[in-house]
1. Is it true that Glu63 is without any contact (Cβ under 8 Å) to a residue 60 or more places away in the chain and either more than 14 Å from Arg32 (Cβ to Cβ) or surrounded by fewer than 17 Cβ atoms within 10 Å (Cβ to Cβ) (or both)?
2. Please find, within segment 66-90, the residue that is nearest to Leu105 (Cα to Cα) out of those that are surrounded by 10 or more Cβ atoms within 10 Å (Cβ to Cβ) and acidic (Asp, Glu).
3. Please give the helices (runs of 4 or more DSSP H) falling wholly within segment 33-115 in which 3 or more residues are under 22 Å from Asp21 (Cβ atoms).
4. Restricting attention to segment 66-98, report how many residues are among the aliphatic types (A, V, I, L, M) and touching a residue at least 40 places away in the same chain (Cβ under 8 Å).
5. Restricting to segment 11-56, name every residue that is farther than 17 Å from Gln114 by Cβ, surrounded by 13 or more Cβ atoms within 10 Å (Cβ to Cβ) and among the charged types (D, E, K, R).
6. For Arg98, indicate whether it is surrounded by fewer than 14 Cβ atoms within 10 Å (Cβ to Cβ), more than 13 Å from Val34 (Cβ to Cβ) and either out of contact with any helix residue (DSSP H, G or I) (no Cβ under 7 Å at 6 or more places or on another chain) or of a type in the set (Lys, Arg) (or both).
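Computed from the coordinates by the stated procedures, all read-outs in this text should not be read as laboratory data. These numbers come from a predicted model, not from an experiment. Cβ placement follows ideal geometry from the backbone for every residue including glycine, while neighbour counts extend to all protein chains displayed.
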Amino acid sequence: MSDIEMQPESENPANEWVRIDSNDGFSYLVKRNVAETSGTMRNMLDPNSGYAEAQTRTCLIDERGIVTEKLIEYMCFKAHYQTVGPKEDIPSQEMQERIPPEIVLEVLLAADYQEM
């Protein structure tokens, strides 16, 4: 008997990571729970959906790398603060200051499409 216990694929730690690609070749690895803060990605990564993204754990965001990066920063921010109690302060101003004014509209439209 071996000391290593085989885990089902759904409990495999490698299954917890998702790759997000931008349309200009940038790739980002994020935890699955972070990616699933986006309603669109949650649906794409659902194993019962039948989408190729659920099998490959790779999602393409049809946006430039800088816009994709800001979406991912927001997904991390949202995942971190979604369990915060009502009395704790959420530094939303800090998140707003991270987005350069020249791409705000692009980020807003992409976030709307991603259901964030």
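1. The answer is yes for Glu63.
2. First pass over segment 66-90, keeping only residues surrounded by 10 or more Cβ atoms within 10 Å (Cβ to Cβ): 66-82, 84, 90.
Okay, now just the ones that are also acidic (Asp, Glu), so 69, 73.
Details: Glu69: 15, Glu73: 16 Å.
Selected residue: Glu69.
3. Working: elements: 39-45, 52-56, 65-81, 92-97, 104-113.
Counting at least 3 such residues, we get 39-45, 52-56, 65-81, 104-113.
4. As a first pass, look at segment 66-98 and keep what is among the aliphatic types (A, V, I, L, M): 66-67, 71-72, 75, 79, 84, 90, 95.
Adding the requirement that they be touching a residue at least 40 places away in the same chain (Cβ under 8 Å) leaves 67, 71-72, 75, 79.
Residues meeting the conditions: 5.
5. Glu16
6. Details: surrounded by fewer than 14 Cβ atoms within 10 Å (Cβ to Cβ): yes; more than 13 Å from Val34 (Cβ to Cβ): yes; either out of contact with any helix residue (DSSP H, G or I) (no Cβ under 7 Å at 6 or more places or on another chain) or of a type in the set (Lys, Arg) (or both): yes.
It is true that Arg98 is surrounded by fewer than 14 Cβ atoms within 10 Å (Cβ to Cβ), more than 13 Å from Val34 (Cβ to Cβ) and either out of contact with any helix residue (DSSP H, G or I) (no Cβ under 7 Å at 6 or more places or on another chain) or of a type in the set (Lys, Arg) (or both).
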